[in-house]
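Structure, as structure tokens:
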Amino acid sequence: MRLVRIFAQAWRLLKESPVLGTISILGTALAIGMVTITVAAKRLIPEGDFYPAFKRQRMLYYKYAVTEPKDTLTAGNYTAGRLGYPLASAIAGVPAAEMASIHEVYTAGVEFLLPGEEDAEVSRGRVRSVDIPFWQIYDFDFVYGTPFTPEEERSAARVIVLAQSLSQKLFGNQDPVGRDVLMQYIPYRVVGVVRDVSGYLTELAANAWIPLSIFHNAERDMDVHGDLQVDFLAASASDFPAIREQVLRKLQEFSTTLDDGEVVVPYGQPEPLRAALARGGWMIEPPDLGHLNLIFYVTVLILLLVPGINLVALSYARMRRRLQELGVRRAFGATTVDLLGQIVGESLFFTLIGAVLGVLLMVATAYLLKNVLFIKEMGDIEFEFTLPLSVLLSWRVVLAAVGFSLLLNLLSMLLPAWRLVRRDIVSSLNAKR
């Protein structure tokens, strides 16, 4: 009940001084909103576990093949690119990993339609070639059917898994398993339908998935470089060093098979998700995660401090206006605990209102500007860019921002109040604004 009375008093003060109170609340909301949206853009969305990638913290990624000549006269020259099938298949079979998936990095734009409807309007989408472990590492929700089988993958059978949105365009709400669909006018048998993948997962999302062996196999692919990557799933992060060591040995063994005398070097790969994201496009050297983390944390601190400094000044000014009121309360018997408790309750009240507004501001901004904030390259991708609220909103981040704002509020209000309660009652009653 006492807390309710304190909050009621804070509400009364807000109505008596709406300008200072409103600006103080908006300052808190701005600080919390800016911090949470920054953390979401730089950490939660790129690195979060959400459908169908729920195991990303246990994964390593090998994305770029770098080849260097053995000839010392041409030392320093290198060729970099995504992995070709021979290299990807050579490093995928390391025993330290629970499993490893080879899949295409880039999707191909294709046309889909039903047999016998060649005159109908085609549905355009993206297709990605994947192997069998892909369906085991990533937890797809199958609306109908199942993934293609190992036998179908080995035989390069023309089978296909559709995204739910594409399936509905082609077949309506019917179960399409067992029926044919024409992709680039070539028939593929539908074996499954999965819930759509968010376009934010640019290396997983597609409108359809087909067996890797249709376009990638040892007979067809002979180059070290190509359009593939290898995703390793470990039992735990403690297995990462063993996986890297075994991959390095696989690379050394693979290098002996190259006719042109090139040796493949890993340059820090396979690497965890944060390093893989920080590596960017064609960066060869491993990224300096310590430096990047320092920049990130300094940025977050600045985003807290800039509105926070203004918040301190406003809270201090609001507190100075109330010194005589607190002096009167002290004259009527209010104890030091009563006065300071009231200040704490009022700070908590204003901070909580600001926190609620800040969270609402962050969520609204994130959803309205999601394609600007969270996507580096959209290209002509036709996927739905869904944004899970559970990944966007981290309660640990919100609580840390609220705690910091509350601390600044308390310091700016408690300091003048503490000076007041240490005076004698006559000096308190004569306190100036």
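What follows draws every value from the coordinates through simple rules; no lab data is involved. Note that this is a predicted model, so its numbers are computed, not measured. Ideal geometry is used to build each Cβ from the backbone, glycine not excepted, and the neighbour counts take in all protein chains shown.
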Computed over segment 63-172, the convex hull of the Cα set has an average projected area, in nm², of 10.7 nm²
Toy charge model, Lys and Arg Cβ at +1, Asp and Glu Cβ at -1: segment 66-225 dipole around Cα centroid in debye, rounded to 20, equals 100 debye
Suppose each label sits 7 Å from its Cα in the direction of the beta carbon; what would the Leu360-Ser394 distance come out to in nanometres?
2.5 nm
Under Karplus coefficients 6.51, -1.76 and 1.60, residue-wise ³J(HN,Hα) of segment 169-184 in Hz, glycine/proline x
5, 8, 10, x, 9, 7, 6, x, 4, x, 8, 9, 10, 8, 10, 6
Cα centre as origin, Lys/Arg/Asp/Glu Cβ charges: segment 24-69 dipole, Debye:
120 debye
For Ser167, Ser255, what ranking results if the residue with the fewest other Cβ atoms within 10 Å of its Cβ goes first?
Ser255, Ser167
Please work out how much length the chain gains when fully extended from Gln136 to Thr22, using 0.36 nm per residue of separation minus the C-alpha to C-alpha distance, in nm with one decimal.
35.8 nm
If you take all C-alpha pairs in segment 192-292, what percent of them are over 17 Å apart?
68 percent
